[in-house]
1. Being in a strand (DSSP E or B), more than 20 Å from the chain's Cα centre (by Cα) and surrounded by 14 or more Cβ atoms within 10 Å (Cβ to Cβ) is the filter here; which residues of the range 233-252 pass it?
2. Answer yes if at least one residue in the range 71-90 is under 23 Å from Met22 (Cβ atoms), among the small types (Gly, Ala, Ser) and touching a Gly at 6+ places or on another chain (Cβ under 8 Å), and no otherwise.
3. Would you confirm, using the coordinates I've provided, whether Tyr68 is within 30 Å of Asp276 (Cβ to Cβ), in contact with a Leu (Cβ under 7 Å, 6 or more places away or on another chain) and at pLDDT 85 or above?
4. Just give me the residues in the range 219-250 being among the acidic types (Asp, Glu), on the phi > 0 side of the Ramachandran plot and at pLDDT 95 or above, in sequence order.
5. Output the number of residues of the range 253-289 satisfying the condition of being outside any strand (DSSP E or B) and either over 22 Å from Cys17 (Cβ atoms) or among the acidic types (Asp, Glu) (or both).
6. Which one of these is surrounded by 24 or more Cβ atoms within 10 Å (Cβ to Cβ) and either more than 18 Å from the chain's Cα centre (by Cα) or assigned to a strand (DSSP E or B) (or both): Ala94, Ala53, Ala65?
7. Quick check: anything in the range 2-21 closer than 20 Å to Tyr122 by Cα and surrounded by fewer than 23 Cβ atoms within 10 Å (Cβ to Cβ)?
Amino acid sequence: MDDAATLAAGMAAIAACIDDGMTDLEKLTALHDWICLHVDYGVSPDSETAYGALVKGKGVCVGYASGYAYVAALAGLNGVMTYSETIDHAWILATLDGARYFSDATWDDGKYQRMGLIRHSYFLFDADNAADTHHVGWDSGEAVPGGALELVPWRDAVTRVIFDGDYAWYIDDTFTLWRCDRDTWQTRSLLTLDIRWPDTAPDDGAAPEIYAGLVLNDGRLWFATPYDLRSVDTDGGDMRTELAPELDGDIIYGIGVQNGVIVYTKSESFDSLFYDVIETDIPAANAWGYAAYEPEAKTEPEAESADPSPIAEKLLVRRFLAAM
């Protein structure tokens with residue numbers, strides 16, 4: 001593990017989405033979402049380390065937790081990893097306003113290597129409600145009393161939460177774009193779309209997954225529908241279709257930024273084994289929260305497991321089950 005590269009990547013993550021005016025809650029949220037966006041679940045020689053998560057962008061639960069705890073500690077939130085042998089899973093503890101909270105970026109990373117879905121179901125819980133989130137048997141000796149911060153407005157967010165100026169923005173699982181006043185926590189629904197991704201509605205009639213993603217680029221909020229990329233102003237008005245690509249039967253699953261341009265992912269369906277990341281020619285070099293550490297070019301290719309190990313496969317299955 002390269003300590004210098006890990007530190008550089010951690011500092012880049014903080015620089016991308018944190019500033020001095022943010023509260024501890026906002027910092028922990030932004031780092032949670034950064035980890036979910038930049039780390040893919042998978043097995044590699046470094047997948048149980050902060051280096052694997054932050055530099056290589058791949059990890060199992062211990063890697064997610066190690067990377068998340070590392071950047072939380074760098075941000076002054078006293079982040080530490082905690083682990084449960086009972087469920088063979090790892091997550092983190094962090095300090096907000098003097099209270100300790102758990103947060104699990106692995107189970108909240110619902111994108112399954114796509115960009116669109118980041119949950120906050122396992123963000124900010126404590127010892128009293130840990131069992132409700134299927135987290136038991138952690139190895140920390142702390143009491144973890146928690147407090148009222150678990151009632152944050154963006155609990156239902158299924159995209160990253162964007163913090164800029166006086167407001168925060170996010171999309172929930174009804175495909176509603178919300179704006180939250182950062183001082184008062186008062187929320188306002190800006191826009192609701194009656195669009196759903198096909199083939200994802202469960203039999204019980206619950207809302208299907210929303211893979212919209214959310215990007216603040218050049219003063220406008222960009223998101224994906226299954227068939228195009230759209231943007232609105234920060235008041236939710238002036239909707240534009242920015243790109244309606246030829247999909248040849250594929251479906252768009254989220255939007256993001258790579259190499260300074262808007263990108264989107266597409267595949268045949270939400271559970272496809274293969275997907276494509278499509279770069280557009282739409283500039284987004286200054287999009288909020290997307291600056292990232294770029295490691296030096298590898299001199300030799302690193303071998304990675306072609307198939308998940310039994311342990312990693314078990315963790316992945318539990319991740320899916322816990323999210324149901």
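The values are calculated or read from the model by the stated rules, or taken from the named source; none is laboratory data. Keep in mind the model is a prediction, meaning the values are calculated, not measured. When we count neighbours, we look across all protein chains shown, and the Cβ atoms used for this are built from the backbone with ideal geometry, even at glycine.
1. Correct list: Glu242, Leu243, Ile251.
2. yes
3. Criteria met by Tyr68.
4. Within the range 219-250, Asp238 is the sole residue that qualifies.
5. Total meeting the criteria: 8.
6. The unique qualifying residue is Ala94.
7. no
Let's see how each residue does on (1) within 21 Å of Thr133 (Cα to Cα); (2) basic (Lys, Arg); (3) in the same structural domain as Asp139 (by TED's automatic domain parsing):
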position: Ala13; (1), (2), (3): no, no, yes
position: Lys27; (1), (2), (3): no, yes, yes
position: Ala90; (1), (2), (3): yes, no, yes
position: Ala105; (1), (2), (3): yes, no, yes
